[in-house]
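To start, the structure itself, in structure tokens.
The values are calculated or read from the model by the stated rules, or taken from the named source; none is laboratory data. Given the structure is predicted, the values throughout are model-derived calculations rather than measurements. Neighbour counts are summed over all protein chains in view; Cβ atoms, including those assigned to glycine, are modelled from backbone coordinates with ideal geometry.
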Amino acid sequence: MAEIDRPASRIDPKLLEMLVCPLTKTTLDYDPERQELVSRAARLAYPIRDGIPIMLPEEARPIEEP
């Protein structure tokens, strides 16, 4: 069975390396399953829509970490 091409595959890895959390200016972790960029410092997950990271805090999902 062929693997489905997900929108995240269109994101340039170099772009992901350059992006930081707009609130904390810390690095982001890429979550390909949820199509999000996660800021552990801010406890926010920024969505990736149609291959474009949405880096607006008001669009981010709050996350809880143990």
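Restricting to segment 35-55, name every residue that is among the small types (Gly, Ala, Ser) and part of a strand (DSSP E or B). Matches in segment 35-55: SER39, ALA45.
Of the residues making up segment 36-52, those that are touching a helix residue (DSSP H, G or I) at 6+ places or on another chain (Cβ under 8 Å), modelled with pLDDT of 95 or more and of a type outside the set (A, V, I, L, M) are TYR46, PRO47.
Considering only segment 32-53, how many residues are surrounded by 15 or more Cβ atoms within 10 Å (Cβ to Cβ), within 10 Å of the chain's Cα centre (by Cα) and free of Cβ contacts under 8 Å to residues at least 40 places away in the same chain? Total satisfying the criteria: 9. With respect to (1) modelled with pLDDT under 90; (2) of a type outside the set (Lys, Arg); (3) assigned to a helix (DSSP H, G or I), the lone exception for GLU58 is condition (1). Is there a residue in segment 7-30 that is at pLDDT below 95, aliphatic (A, V, I, L, M) and surrounded by fewer than 12 Cβ atoms within 10 Å (Cβ to Cβ)? Yes, there is a match, as at least one residue in segment 7-30 is at pLDDT below 95, aliphatic (A, V, I, L, M) and surrounded by fewer than 12 Cβ atoms within 10 Å (Cβ to Cβ).
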